[in-house]
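See structure below.
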Amino acid sequence: MMRVLGIESSCDETAAALVTDQGEVLADVVASQIATHGPYGGIVPELASRAHIRAIIPVIREALSGIPGGLAATDAIAVTRGPGLVGSLLVGVQVAKALAWSLEKPLVGVNHLDGHLFAIYLRRPEGVAERAVPKMPYVALLVSGGHTALYRVEGFSEIALLAQTRDDAAGEAFDKAAKLLGLGYPGGPIIDRLAARGQPDAVSFPLPMASRKTLDFSFSGLKTALARHVQHEGVKGRLGHGPGYRRKGRGLFYLGRGRAKKIAGTGQAKSLAAVDGVLAVSLVLIPIPADGHVADIRRLKAQLRYL
């Protein structure tokens with residue numbers, strides 16, 4: 001059985017995992033940087049790089065701590081080579097190169113978007129419920145903090161990009177919305193909670209690119225629509241003064257629900273069109289972790305569950 005140590009440092013999380021060639025996850029450790037970037041309302045690349053430098057060795061040690069033989073028992077090193085923040089990627093790549101060289105083990109650079117697409121085949125230890133995995137070919141809707149795209153997956157080395165965002169990703173759209181509303185960072189989970197308590201049609205937002213015959217996404221128009229709404233109508237129940245004050249009340253619930261509804265609706269419509277157009281046998285939603293930047297994944301999952 002081959003064991004591969006995987007290292008990830010592409011953005012604002014430092015992670016290490018040990019995985020077998022059968023897809024079994026033996027260890028998985030993640031260090032988040034939300035507390036670091038929260039005061040700035042978004043990711044600061046230089047701070048992200050410094051945080052990776054501090055966290056990467058402890059994270060790797062923790063991932064290997066419960067594995068018999070530890071680092072010496074690994075057969076290969078895999079590391080995210082992109083896409084991502086250059087400084088953050090550099091930290092992971094340099095550590096991985098040093099480990100591979102010192103251990104005389106193979107080093108594999110991985111596109112982390114490919115990692116997202118095939119993470120559905122990973123198996124967790126006993127006690128964790130097994131997921132049904134799709135048959136190839138399938139269409140994957142990848143929704144991560146900085147990426148929103150549709151892929152057709154024919155095989156592990158046969159991936160075709162069908163469409164992607166022309167501007168903001170869904171996660172970035174939620175973060176910018178939260179900043180406009182003074183809600184904090186990351187915006188996704190906050191708006192998700194607000195949306196669950198709002199009325200879906202209380203505030204109407206446009207469905208992005210609804211009249212265009214394309215699978216591409218665009219969320220910048222939603223951001224502009226929200227900004228104009230807040231500028232002209234304000235938010236009911238708001239407290240305080242100035243552009244950075246926090247707001248609360250029913251208005252936030254309504255705005256959150258209206259915005260989340262349109263972003264989820266866009267994902268559903270584009271995914272359906274892609275499945276129909278490329279004759280895929282399955283549709284897979286690839287979300288980021290629950291504590292990340294994308295909101296209302298629950299709504300999108302619910303809308304896609306019955307396809």
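The values are calculated or read from the model by the stated rules, or taken from the named source; none is laboratory data. Computed from a predicted model, the values in this text were never measured in an experiment. Glycine also receives a Cβ, built like all others from the backbone with ideal geometry; neighbour counts cover every protein chain displayed. With ligands, DNA and RNA removed, areas are computed over all heavy atoms of the protein, side chains included. Shrake-Rupley method; radii C 1.70, N 1.55, O 1.52, S 1.80 Å.
How much net charge surrounds residue 158 when only the other residues with a Cβ under 13 Å from the Cβ of residue 158 are counted, with Lys and Arg +1 and Asp and Glu -1?
Numbers: positive: 152; negative: 114, 154.
Taking every other residue near residue 158 into account, the sum is -1.
If the range 19-131 were replaced by its equivalent ellipsoid, with semi-axes equal to the square roots of 5 times the Cα gyration tensor eigenvalues, what would those be, largest first, whole Å?
Working: eigenvalues 119, 69, 44 Å².
Equivalent ellipsoid of the range 19-131: 24, 19, 15 Å, largest first.
For the range 138-223, with all protein chains present and a 1.4 Å probe, just round the carbon and sulfur fraction of the accessible area to a whole percent.
Working: 1800 of 3710 Å².
The value for the range 138-223 is 48 percent carbon and sulfur by accessible area.
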Check which residues have an amide H placed less than 5 Å from residue 24's amide H, if you skip close sequence neighbours.
123
Long-range HN-HN contacts of residue 10 with modeled amide H, under 5 Å:
none
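So if we plug the beta-carbon distance of residue 24 and residue 204 into 1/(1 + (r/R0)^6) with R0 = 45 Å, what FRET efficiency do we get, rounded to 0.05?
Working: r = 48 Å, r/R0 = 1.06.
Result of the calculation: an efficiency of 0.40.
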Considering amide H positions built from the backbone, and no H for Pro or chain starts, which residues 5 or more places from residue 162, or on another chain, come under 5 Å of its amide H?
150, 151, 152
Can you compute the FRET efficiency between residue 161 and residue 107 using 1/(1 + (r/R0)^6), with r the Cβ-Cβ distance and R0 = 30 Å? Round to the nearest 0.05.
0.70
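Looking at the calculated P(r) for the range 1-73, what percent of the C-alpha pair distances fall above 21 Å? Could you put the intermediate results ahead of the total?
Numbers: 850 of 2628 pairs.
When all Cα pairs of the range 1-73 are counted, 32 percent exceed 21 Å.
If you roll a 1.4 Å probe over the heavy atoms of the protein chains, what accessible area per residue do you get for the range 123-193, in Å²?
On the way: 3360 Å² over 71 residues.
For the range 123-193, the per-residue accessible area is 47 Å².
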Extent of the range 114-174 along each principal axis, from alpha carbon coordinates, in Å, largest to smallest?
41, 27, 15
Report the charge-dipole magnitude of the range 103-179 in Debye, nearest 20, computed about the Cα centre from +1 at each Lys and Arg Cβ and -1 at each Asp and Glu Cβ.
160 debye
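Rounded to a whole number, what is D in µm²/s for the range 48-190 from Stokes-Einstein with the Kirkwood radius over alpha-carbon pairs (4 °C, 1.567 mPa s)?
Working: Rh = 18.0 Å.
Stokes-Einstein gives a translational diffusion coefficient of 72 µm²/s.
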Solvent exposure of the range 68-116 as accessible area per residue, Å², 1.4 Å probe:
51 Å²
